[in-house]
Number of protein chains: 2
Amino acid sequence: MTTRSNAERLLMWLQDAYAMEQEAATMLTAMAGRIEHYPELKSRIEQHVTETKQQSERLRACIEQLGGSTPAVRTAMADLMAAFHAAGNSLMSDEVAKGLGVSYAFEHMEIASYRSLILAAREAGRVDVAEVCEAILLEEVAMADWLAEHQDAVIVRFLQREATEGVTAKH
Amino acid sequence: MTTRSNAERLLMWLQDAYAMEQEAATMLTAMAGRIEHYPELKSRIEQHVTETKQQSERLRACIEQLGGSTPAVRTAMADLMAAFHAAGNSLMSDEVAKGLGVSYAFEHMEIASYRSLILAAREAGRVDVAEVCEAILLEEVAMADWLAEHQDAVIVRFLQREATEGVTAKH
């Protein structure tokens, strides 16, 4: 039952978000690098890697304004991210399909995180931080929407390639 | 470049989905059991546990109709699920907030999986299986929507409780 001020919680969640974006950049870079036969997906992920790195810098600025420092990845969060990472990178025969599902899930964890951050920033009276998080949230929602809109095309292409002799389907 | 028929892929994805729902039931049961101060969330998760168990049975019937058997959880999928599970169950001071984010993410991995399954079932000419997956998809979307709609209330309550002397916020 430790009491914690909203400002303290805000700083902790910003540090979590920073770690989350660091790991997202690693995961998405690896994923984009392996895709060969789904060029639209590859290109959208690469664009999101660029956004993700800018988000990290915006979060770092907020953390420093609140008197904190950017963290090493926390253990519990790191375990979850590493598993996401492994799932995206794995040797599964349906790598592109699983990667798409994992990325879509990951975007929604980010969406939930930024929605919580916006509330925490407002409760702590930090409108400036809330605005940064609102801007990042829009980018995460746009990425999630893109994945939702393009999933069917990717999956149909995967199924067709997998059933065709002599072509690679998985990435 | 192994060629695989759409019927074979459909069976593999049904088996993945079965494993996913088994793990979801475990994770959600543990999560609901720990929640004390967020009764609406607890009750909605309990309702979804019931749905999840019924979904497993519907998937098992589809798998058996296709001549397959229900699997032990696959390794890659199991690693991911175990990490989700650990994140939901952890000793984090913001357990309810992280659990909400992880559940929201998990629902979207399920949504992506059932969308892929519906396409695979249609490509394999199994309208009956597509219909089962469409029914399950609606339940997953309803759960995801509920979480999105109730997140702000849970988070504001969490932030208020955490800043208040003598009350527990985390679950």
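The values are calculated or read from the model by the stated rules, or taken from the named source; none is laboratory data. Everything quoted here is computed from the prediction, not taken from an experiment. Because the Cβ atoms are built from the backbone with ideal geometry, glycine has one as well, and the counts that use them run over all protein chains shown. Keep in mind that these areas ignore ligands, DNA and RNA; they rest on the heavy atoms of the full protein, side chains included. Shrake-Rupley method; radii C 1.70, N 1.55, O 1.52, S 1.80 Å.
For chains A and B, what's the summed buried accessible area, probe 1.4 Å, to the nearest 100 square angstrom? Interface between A and B: roughly 4200 Å². Over the protein assembly as shown, the hull volume per residue, using the convex hull of the C-alpha atoms, is 114 Å³. Each label was represented as a point 7 Å from its Cα along the Cα-to-Cβ direction; for B:T164 and A:S69 these points are 3.6 nm apart. Say the cut-off is 18 Å between C-alpha atoms; which of B:K53/B:K98; A:K98/A:K170; A:K98/B:K53; A:K42/B:K98; B:K53/B:K170 go over it? Violating the 18 Å Cα-Cα cut-off are B:K53/B:K98; A:K98/B:K53; A:K42/B:K98; B:K53/B:K170. With label points set 7 Å from Cα along Cα→Cβ, the inter-copy distances at A:E36 are 5.6 nm, sorted shortest first. Distances between copies at B:V127, taken between label points 7 Å from Cα along the C-beta direction, are 5.8 nm in increasing order. In nanometres and ascending order, the distances from the A:T50 label point to those of the other copies are 5.0 (point 7 Å from Cα along Cα→Cβ). Peptide A:141-148 shows a mean partner chain C-beta count of 1 within 10 Å per residue C-beta. Could you look at the protein assembly as shown and say what percent of its accessible area is carbon and sulfur, using a 1.4 Å probe and all protein chains? Roughly 53 percent, rounded to a whole number. Just need the relative contact order of chain B here, percent rounded to a whole number, with Cα pairs under 8 Å and 6+ apart. Result for chain B is 28 percent.
Using a probe of 1.4 angstrom and keeping all protein chains present, the accessible surface of the protein assembly as shown works out to 39 square angstrom per residue. When the convex hull of its Cα atoms is viewed from all sides, chain B shows a mean projected area of 10.3 nm². The mean number of partner chain beta-carbon atoms within 10 angstrom of a residue's beta-carbon across peptide A:96-106 is 6. Between the C-alpha center of the stretch B:25-72 and that of the stretch B:127-167 there is a gap of 14 Å.
Using unit Cβ charges (K, R positive; D, E negative) and no other charged atoms, how large, in debye to the nearest 20, is the dipole of chain A about its Cα centre?
320 debye
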